[in-house]
Amino acid sequence: TQSTWGPKVLDIAMDHLASIVAEFVPRWTRLVAKLETLEVTGVAGGGLVKTTLRGAGKLVDVSIQPPAFEGQQDPKALSQLLKLSHANAFEKLENERNKIVAEEMPEIASVRQWVGRMKFL
(Lines give C-alpha, C1' and ligand atoms only; values in the text may rest on other atoms or scores of the structure.)
Protein backbone atom coordinates (compact mmCIF):
# COMPACT_ATOMS: atom_id res chain seq x y z
CA THR A 1 0.00 0.00 0.00
CA GLN A 2 1.12 3.50 -0.81
CA SER A 3 0.82 6.39 1.63
CA THR A 4 -1.59 9.20 0.78
CA TRP A 5 0.96 11.62 2.21
CA GLY A 6 3.07 11.92 -0.91
CA PRO A 7 5.27 14.89 -1.77
CA LYS A 8 2.43 16.78 -3.49
CA VAL A 9 0.18 16.61 -0.40
CA LEU A 10 3.05 17.72 1.82
CA ASP A 11 3.82 20.61 -0.54
CA ILE A 12 0.21 21.76 -0.37
CA ALA A 13 0.21 21.45 3.43
CA MET A 14 3.45 23.46 3.68
CA ASP A 15 2.09 26.16 1.37
CA HIS A 16 -1.03 26.40 3.51
CA LEU A 17 1.06 26.62 6.67
CA ALA A 18 3.24 29.32 5.09
CA SER A 19 0.14 31.38 4.23
CA ILE A 20 -1.12 31.08 7.82
CA VAL A 21 2.24 32.25 9.17
CA ALA A 22 2.37 35.10 6.63
CA GLU A 23 -1.00 36.32 7.93
CA PHE A 24 -0.16 35.76 11.59
CA VAL A 25 3.21 37.55 11.81
CA PRO A 26 2.02 41.08 10.91
CA ARG A 27 -0.99 40.74 13.20
CA TRP A 28 1.24 39.56 16.03
CA THR A 29 3.68 42.42 15.42
CA ARG A 30 0.82 44.95 15.55
CA LEU A 31 -0.50 43.38 18.75
CA VAL A 32 2.89 43.47 20.49
CA ALA A 33 3.42 47.12 19.47
CA LYS A 34 0.03 48.11 20.88
CA LEU A 35 0.65 46.24 24.12
CA GLU A 36 4.13 47.75 24.55
CA THR A 37 2.82 51.32 24.21
CA LEU A 38 -0.31 50.84 26.30
CA GLU A 39 -0.33 53.24 29.24
CA VAL A 40 -2.81 53.48 32.11
CA THR A 41 -3.05 55.49 35.30
CA GLY A 42 -4.36 54.19 38.59
CA VAL A 43 -5.64 56.42 41.36
CA ALA A 44 -6.18 56.24 45.11
CA GLY A 45 -7.31 58.60 47.82
CA GLY A 46 -9.72 60.41 45.53
CA GLY A 47 -6.92 61.23 43.09
CA LEU A 48 -4.33 62.26 45.68
CA VAL A 49 -2.01 59.49 44.51
CA LYS A 50 -1.63 58.39 40.89
CA THR A 51 0.61 55.75 39.37
CA THR A 52 1.13 55.21 35.66
CA LEU A 53 2.10 51.85 34.18
CA ARG A 54 3.18 51.07 30.63
CA GLY A 55 3.46 47.89 28.58
CA ALA A 56 3.98 44.81 30.70
CA GLY A 57 3.56 46.81 33.90
CA LYS A 58 6.58 49.10 34.02
CA LEU A 59 6.04 51.91 36.51
CA VAL A 60 6.63 55.13 34.56
CA ASP A 61 5.18 57.81 36.82
CA VAL A 62 4.05 58.47 40.37
CA SER A 63 2.16 61.62 41.27
CA ILE A 64 1.39 62.59 44.86
CA GLN A 65 -0.66 65.69 45.51
CA PRO A 66 0.43 67.85 48.50
CA PRO A 67 -2.77 67.21 50.50
CA ALA A 68 -1.71 63.54 50.70
CA PHE A 69 1.13 64.67 53.01
CA GLU A 70 -0.87 67.10 55.15
CA GLY A 71 -1.67 65.83 58.59
CA GLN A 72 -0.02 62.47 57.91
CA GLN A 73 1.69 61.28 61.05
CA ASP A 74 1.82 57.70 59.84
CA PRO A 75 3.95 57.05 56.74
CA LYS A 76 2.11 53.75 56.30
CA ALA A 77 -0.99 55.68 55.21
CA LEU A 78 0.85 57.13 52.20
CA SER A 79 2.40 53.74 51.50
CA GLN A 80 -1.09 52.21 51.48
CA LEU A 81 -2.30 54.85 49.00
CA LEU A 82 0.64 54.05 46.73
CA LYS A 83 -0.15 50.34 46.86
CA LEU A 84 -3.83 50.95 46.14
CA SER A 85 -3.02 53.24 43.25
CA HIS A 86 -0.63 50.69 41.77
CA ALA A 87 -3.19 47.88 42.16
CA ASN A 88 -5.80 50.06 40.44
CA ALA A 89 -3.41 50.79 37.56
CA PHE A 90 -2.46 47.13 37.20
CA GLU A 91 -6.11 46.08 37.06
CA LYS A 92 -6.78 48.69 34.37
CA LEU A 93 -3.72 47.52 32.45
CA GLU A 94 -4.88 43.90 32.50
CA ASN A 95 -8.36 44.89 31.36
CA GLU A 96 -7.00 47.01 28.51
CA ARG A 97 -4.56 44.28 27.46
CA ASN A 98 -7.37 41.73 27.34
CA LYS A 99 -9.51 44.12 25.30
CA ILE A 100 -6.72 44.78 22.79
CA VAL A 101 -5.93 41.07 22.42
CA ALA A 102 -9.63 40.31 21.91
CA GLU A 103 -9.85 42.98 19.18
CA GLU A 104 -6.60 42.18 17.39
CA MET A 105 -6.44 38.40 17.74
CA PRO A 106 -9.68 36.90 19.02
CA GLU A 107 -8.35 33.37 18.58
CA ILE A 108 -5.67 34.08 21.19
CA ALA A 109 -8.15 35.81 23.49
CA SER A 110 -10.39 32.75 23.57
CA VAL A 111 -7.44 30.52 24.49
CA ARG A 112 -6.40 32.96 27.24
CA GLN A 113 -9.94 32.91 28.67
CA TRP A 114 -10.05 29.13 28.59
CA VAL A 115 -6.66 28.82 30.34
CA GLY A 116 -7.72 31.46 32.87
CA ARG A 117 -10.68 29.34 33.89
CA MET A 118 -8.54 26.25 34.49
CA LYS A 119 -7.80 25.46 38.10
CA PHE A 120 -4.34 24.16 38.83
CA LEU A 121 -3.51 22.12 41.91
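The values are calculated or read from the model by the stated rules, or taken from the named source; none is laboratory data. All values derive from a computational prediction rather than experimental measurement. All Cβ positions, even for glycine, are placed from backbone atoms using ideal geometry, and neighbour counts span all protein chains on display. The protein model used for the area step is the full one, side chains on, heavy atoms only, and it has no ligands, DNA or RNA in it. Shrake-Rupley method; radii C 1.70, N 1.55, O 1.52, S 1.80 Å.
Candidate cross-link partners of LYS58 among the lysines, defined by an alpha-carbon separation under 29 Å and a same-chain spacing of 8 or more, comprise LYS34, LYS50, LYS76, LYS83, LYS92, LYS99, LYS119.
A Cα-only calculation for segment 1-71 places Rg and Dmax at 25.6, 88 Å.
Loop only by DSSP, 15 or fewer other Cβ within 10 Å of the Cβ. Give me the chymotrypsin sites (Phe, Trp or Tyr not before Pro) in segment 1-88 that pass, ordered by residue number. Within segment 1-88, the qualifying chymotrypsin sites (Phe, Trp or Tyr not before Pro) (loop, at most 15 other Cβ atoms within 10 Å) are TRP5, PHE69.
The residues of segment 35-91 expose on average 62 square angstrom of accessible surface per residue, using a 1.4 Å probe on protein heavy atoms.
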